[in-house]
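Visitor: If you scroll down you'll find the structure; I have some questions about it.
The values are calculated or read from the model by the stated rules, or taken from the named source; none is laboratory data. Here the structure is a predicted model, which is why all the values come from computation and not from measurement. All Cβ positions, even for glycine, are placed from backbone atoms using ideal geometry, and neighbour counts span all protein chains on display.
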Amino acid sequence: MHGEDAERRDLPLISIVVNTYNGARYLPECLDSILAIDGRFPLQIIVMDDASQDDTASVLARYHDDRIQFVQHHHNKGAAEAVNTAFSLVRGTFTARIDYDDRYRPHFLLRAIEALQRNPKAGLVCGSVQMIDGDGKPCGISSPVQQGYEAGCGDHFLNLMRHYFVTAPTLLARTQIWKRAIPIPSGMNFCDWYMTLMMAEVSELCIIDDTLADYRIHPLNMHSTMVVDGTGEHTTWRVLDYFTQNSIRASELIEFKSEIYAHHAAEWGNRYFGAQMPLQARRCYLRAFSLKPRQHFRKKILWRLLGTFLGGRHYTWLKHLYRGTLKK
């Protein structure tokens, strides 16, 4: 056996799940980034299509690579069921999951595998992403380190309950521990946070201070639509209720339950405010105040709460007037 083949045989099999729905425009960039990953790791690439109505099948037909396994639902079943179907096929020692509109950096697996092999207590690893727009133009970095979390490995279960700082395309996990989260409960289509908490509940998380992927923000992705249609907020309360009531570590959460719920209520208030949905924003801000008034008695939130009563035009006018008064 050639030395190169022997080296490849000794490397772990990595399963990469690619979820797609009507993603023909961006899917080639995603697949090309997977095929360009450094390290010569044996790959199982599962492209899970949830009954797309575009040219997704034609896009896949252009890839003549036996590592790619194309699986397609005949009827749209939602992201949760798509993830469940894909994970029933996973064979790798480690698994990653990426959406069709995101891209890996070439060194993603080298950095992530190294971190997990060096830290046997860690079940999962994450890092930073370069945010890009619909045309691929960079528009900022999202980093756990920038958000106040130290690089390295540790127990982040409570931190993740307070604030979900993991971005999906940077996540690699040991398959055995990821399958704790499978099957995803029916209808939980915004499922990344749930899956990560299921893993962090029993294992350490490694944070890498490096940009591992590109994360695309555009009007059609789930992170954009989940605010407008309310599914994101619904999933937030569903996840919090599940873990505060059913987690094997629920007793650790009792002391912090009100703080955690209040934080997420305020965050949803901010999202709704940004989406110009004042009634929903007001409801969430008031919930945050009722749960933890001192925690949220801050000028920014008070101004935004006032804005939900005034309306956009009057709110903007009053803010300009206030700032002008301060400068005098």
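Visitor: Return the only residue of Asp241, Asp210, Asp214 being assigned to a strand (DSSP E or B) and surrounded by fewer than 19 Cβ atoms within 10 Å (Cβ to Cβ).
Guide: Values: Asp241 fails: assigned to a strand (DSSP E or B); Asp214 fails: surrounded by fewer than 19 Cβ atoms within 10 Å (Cβ to Cβ).
Just a single option satisfies the conditions, and that option is Asp210.
Visitor: Could you list, in sequence order, the residues of region 260-304 that are over 22 Å from the mean Cα position of the chain (by Cα), of a type in the set (D, E, K, R) and part of a helix (DSSP H, G or I)?
Guide: Arg282, Arg283, Arg287, Arg294, Lys299, Lys300, Arg304
Visitor: For Arg111, indicate whether it is in contact (Cβ under 8 Å) with a residue 12 or more places away in the chain and either surrounded by fewer than 23 Cβ atoms within 10 Å (Cβ to Cβ) or among the aliphatic types (A, V, I, L, M) (or both).
Guide: On the way: in contact (Cβ under 8 Å) with a residue 12 or more places away in the chain: yes; either surrounded by fewer than 23 Cβ atoms within 10 Å (Cβ to Cβ) or among the aliphatic types (A, V, I, L, M) (or both): yes.
Criteria met by Arg111.
Visitor: Yes or no: Leu318 farther than 18 Å from Asp229 by Cα and either surrounded by fewer than 13 Cβ atoms within 10 Å (Cβ to Cβ) or at pLDDT 70 or above (or both)? Outline the logic, then answer.
Guide: Values: farther than 18 Å from Asp229 by Cα: yes; either surrounded by fewer than 13 Cβ atoms within 10 Å (Cβ to Cβ) or at pLDDT 70 or above (or both): no.
Here the answer is no, as Leu318 does not meet what is asked.
Visitor: For region 101-110, does any single residue satisfy the condition of being closer than 12 Å to Leu212 by Cα, in contact with a Leu (Cβ under 6 Å, 6 or more places away or on another chain), at pLDDT 95 or above and outside any strand (DSSP E or B)?
Guide: If we filter region 101-110 for residues that are closer than 12 Å to Leu212 by Cα, which is where we start, we get 102-110.
Next, from what is left, pick out any that are in contact with a Leu (Cβ under 6 Å, 6 or more places away or on another chain): 105, 108.
Subset that is at pLDDT 95 or above: 105, 108.
The next check asks that each one be outside any strand (DSSP E or B); those that pass are 105, 108.
Yes - at least one qualifying residue is present in region 101-110.
Visitor: So which residues in region 80-100 are part of a loop (DSSP other than H, G, I, E, B), surrounded by 19 or more Cβ atoms within 10 Å (Cβ to Cβ) and among the β-branched types (Val, Ile, Thr)? Even if it seems obvious, please write down each step before you answer.
Guide: Here is the first cut: in region 80-100, the residues part of a loop (DSSP other than H, G, I, E, B) are 88-93, 100.
Among the residues that remain, those that are also surrounded by 19 or more Cβ atoms within 10 Å (Cβ to Cβ) are: 90, 92, 100.
The answer is Val90, and nothing else.
Visitor: Moving on to the next point. For region 139-172, which positions are free of Cβ contacts under 8 Å to residues at least 40 places away in the same chain and in a strand (DSSP E or B)?
Guide: Start the filter on region 139-172 by keeping residues that are free of Cβ contacts under 8 Å to residues at least 40 places away in the same chain, which leaves 140, 146-148, 159, 164-165.
Within region 139-172, Gly140 is the sole residue that qualifies.
Visitor: Further, regarding this structure: From Thr167, Thr236, grab the single residue that is modelled with pLDDT of 95 or more, in the same structural domain as Ala112 (by TED's automatic domain parsing) and β-branched (Val, Ile, Thr).
Guide: None of the others qualify; the one that does is Thr167.
Visitor: Also: Give region 241-285 a look and list any residue that's in contact with an Asp or Glu (Cβ under 7 Å, 6 or more places away or on another chain) and over 29 Å from Arg304 (Cα atoms), or say none. Please lay out each step first, then the result.
Guide: Taking region 241-285 and keeping what is in contact with an Asp or Glu (Cβ under 7 Å, 6 or more places away or on another chain), we get 247-249, 268.
Of everything in region 241-285, those that are in contact with an Asp or Glu (Cβ under 7 Å, 6 or more places away or on another chain) and over 29 Å from Arg304 (Cα atoms) turn out to be Ser247, Ile248, Arg249.
Visitor: Here is a list of conditions, (1) among the aliphatic types (A, V, I, L, M); (2) modelled with pLDDT of 95 or more; (3) under 23 Å from Thr225 (Cα atoms); (4) surrounded by fewer than 19 Cβ atoms within 10 Å (Cβ to Cβ), and Ala281 meets all of them except one; can you say which number that is?
Guide: (4)
Visitor: Among Met222, Met226, Met199, which is the only one that is at pLDDT 95 or above and surrounded by 14 or more Cβ atoms within 10 Å (Cβ to Cβ)? First the steps, then the outcome.
Guide: Working: Met222 fails: at pLDDT 95 or above; Met226 fails: at pLDDT 95 or above.
The conditions single out Met199.
Visitor: Testing Lys137 on (1) buried (at least 23 other Cβ atoms within 10 Å of the Cβ); (2) farther than 16 Å from Asn19 by Cβ, one condition comes back false. Which one is that?
Guide: Among (1) buried (at least 23 other Cβ atoms within 10 Å of the Cβ); (2) farther than 16 Å from Asn19 by Cβ, the lone unmet condition for Lys137 is (1).
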